[in-house]
Amino acid sequence: GQQVMQIPQYQHVQEGEDFTTYCNSSTTLSNIQWYKQRPGGHPVFLIQLVKSGEVKKQKRLTFQFGEAKKNSSLHITATQTTDVGTYFCAGHFGNEKLTFGTGTRLTIIP
Amino acid sequence: NAGVTQTPKFRVLKTGQSMTLLCAQDMNHEYMYWYRQDPGMGLRLIHYSVGEGTTAKGEVPDGYNVSRLKKQNFLLGLESAAPSQTSVYFCASTGHRSQYFGPGTRLLVL
């Protein structure tokens, strides 16, 4: 079946360090979305990437979509305690369903 | 706008009991989804609907049934609960690109 793999599963960083999570698919994606889920909360949409090689920035967050539209990454520069949570990528394979990665749980060490 | 709401927030069931989870959205969205979230498994799609009166199976549909009698409501039923159905259940609806999630229902099956 169509799957989206996400690594790492967990990441512990010192406050101020950078953080990156990666998503990979074996088949081409129509688009990829990123969500953030705070502890005890629900997933909240961050961004959608559609074009091959697309790069988007939101303040300290940088999102990339690979040239082959099979991989994506989220990079956070200079993490803050407010960045704590689980980050999910989710891809569309050309239909109405969204396939979620397993998520990367980010914890910040003050 | 309330967005996506879910009832109940928390429920404890005994094995073999039945229950219905209710999802409601006030954004006039056509597409609605039910996911379950388990530790380390990300979000897995149970069933979804692309419009009033329609339903379709997702990745893990066994043991669940759904109905979409009204556009704003999407019901998830468990006819005979099993301990393996202990999970957090999220409902979501889709706007023009992103999914909006409800706050979730925590279900414990003993």
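Scanning for something acidic (Asp, Glu) and either within 10 Å of another protein chain (Cβ to nearest Cβ) or in a loop (DSSP other than H, G, I, E, B) (or both), does the stretch A:44-59 turn up at least one residue? I'd like the intermediate steps shown before the answer.
Of the stretch A:44-59, the ones acidic (Asp, Glu) are A:54.
After this cut, where a residue has to be either within 10 Å of another protein chain (Cβ to nearest Cβ) or in a loop (DSSP other than H, G, I, E, B) (or both) as well, the list is A:54.
Yes.
Can you tell me which of (1) free of Cβ contacts under 8 Å to residues at least 40 places away in the same chain; (2) touching a Ser or Thr at 6+ places or on another chain (Cβ under 8 Å); (3) of a type in the set (A, V, I, L, M) is the one residue B:50 doesn't meet?
The one condition residue B:50 does not meet is (2).
Got a sec? Which of B:44, B:36, B:11 is on the phi < 0 side of the Ramachandran plot, away from chain A (no Cβ under 14 Å) and of a type in the set (D, E, K, R)?
Residue meeting the stated conditions: B:11.
Taking the conditions exactly as written (on the phi < 0 side of the Ramachandran plot and at pLDDT 95 or above), does residue B:84 satisfy them or not?
Details: on the phi < 0 side of the Ramachandran plot: yes; at pLDDT 95 or above: yes.
For residue B:84, the condition - on the phi < 0 side of the Ramachandran plot and at pLDDT 95 or above - is met.
Of everything in the stretch B:23-45, what is assigned to a strand (DSSP E or B) and touching a residue at least 40 places away in the same chain (Cβ under 8 Å)? Give them in sequence order.
In the first step, residues of the stretch B:23-45 are kept if they are assigned to a strand (DSSP E or B); the result is B:23-25, B:31-38, B:42-45.
If the condition is that a residue be assigned to a strand (DSSP E or B) and touching a residue at least 40 places away in the same chain (Cβ under 8 Å), then B:23, B:24, B:25, B:31, B:32, B:33, B:34, B:35, B:36, B:37, B:38, B:43 are the ones that fit.
Please find, within the stretch B:74-102, the residue that is farthest from the other protein chains (Cβ to nearest Cβ) out of those that are surrounded by fewer than 16 Cβ atoms within 10 Å (Cβ to Cβ) and not aliphatic (A, V, I, L, M). Before the answer, list the steps.
If we filter the stretch B:74-102 for residues that are surrounded by fewer than 16 Cβ atoms within 10 Å (Cβ to Cβ), which is where we start, we get B:77, B:79-80, B:82-84, B:95-97.
Of the ones still in play, those that are also not aliphatic (A, V, I, L, M) are B:77, B:79-80, B:83-84, B:95-97.
Working: B:77: 21, B:79: 24, B:80: 26, B:83: 22, B:84: 19, B:95: 9, B:96: 10, B:97: 5 Å.
Taking the candidates together, the pick is B:80.
Of all residues in the stretch A:83-94, which are more than 12 Å from every other protein chain (Cβ to nearest Cβ) and over 11 Å from residue A:30 (Cβ atoms)?
Within the stretch A:83-94, A:83, A:84, A:85 meet the criteria.
Condition test on residue A:97, is it within 11 Å of chain B (Cβ to nearest Cβ) and more than 14 Å from residue B:37 (Cα to Cα)? Give the steps one after another, and end with the answer.
On the way: within 11 Å of chain B (Cβ to nearest Cβ): yes; more than 14 Å from residue B:37 (Cα to Cα): yes.
The answer is yes for residue A:97.
Collect the residues in the stretch A:70-102 that are outside any strand (DSSP E or B) and on the phi > 0 side of the Ramachandran plot, keeping them in residue-number order.
Kept after step one, since they are outside any strand (DSSP E or B), are these residues of the stretch A:70-102: A:70, A:77-84, A:93-97, A:101-102.
The answer is A:78, A:94.
Quick check on the stretch A:30-58: of everything there that is of a type in the set (Lys, Arg) and touching a strand residue (DSSP E or B) at 6+ places or on another chain (Cβ under 6 Å), which residue is nearest to residue A:82 (Cα to Cα)? Spell out the reasoning first.
Quick first cut of the stretch A:30-58, residues of a type in the set (Lys, Arg) only: A:36, A:38, A:51, A:56-57.
If we keep only those that are touching a strand residue (DSSP E or B) at 6+ places or on another chain (Cβ under 6 Å) too, we end up with A:36, A:38, A:56.
Details: A:36: 11, A:38: 9, A:56: 20 Å.
The qualifying residue nearest to residue A:82 (Cα to Cα) is A:38.
Can you report the number of residues in the stretch B:55-67 which are part of a loop (DSSP other than H, G, I, E, B) and either more than 14 Å from chain A (Cβ to nearest Cβ) or in contact (Cβ under 8 Å) with a residue 60 or more places away in the chain (or both)?
Taking the stretch B:55-67 first, the residues part of a loop (DSSP other than H, G, I, E, B) are B:55, B:58-64.
From what's left, either more than 14 Å from chain A (Cβ to nearest Cβ) or in contact (Cβ under 8 Å) with a residue 60 or more places away in the chain (or both): B:62-64.
Looking only at that region, the number is 3.
Pairs only if they're at least six apart or on different chains, beta carbon under 6 angstrom, first in the stretch A:35-60 and crowded, with 18+ Cβ neighbours inside 10 Å and aromatic (Phe, Trp, Tyr), second assigned to a loop (DSSP other than H, G, I, E, B) and modelled with pLDDT of 95 or more; list them, first residue then second.
These pairs meet every condition: A:35/A:43.
The values are calculated or read from the model by the stated rules, or taken from the named source; none is laboratory data. In this text the structure is predicted, and so the values were computed from the model without any measurement. Counting neighbours? That spans all protein chains shown, and the Cβs are built from the backbone with ideal geometry, glycine included.
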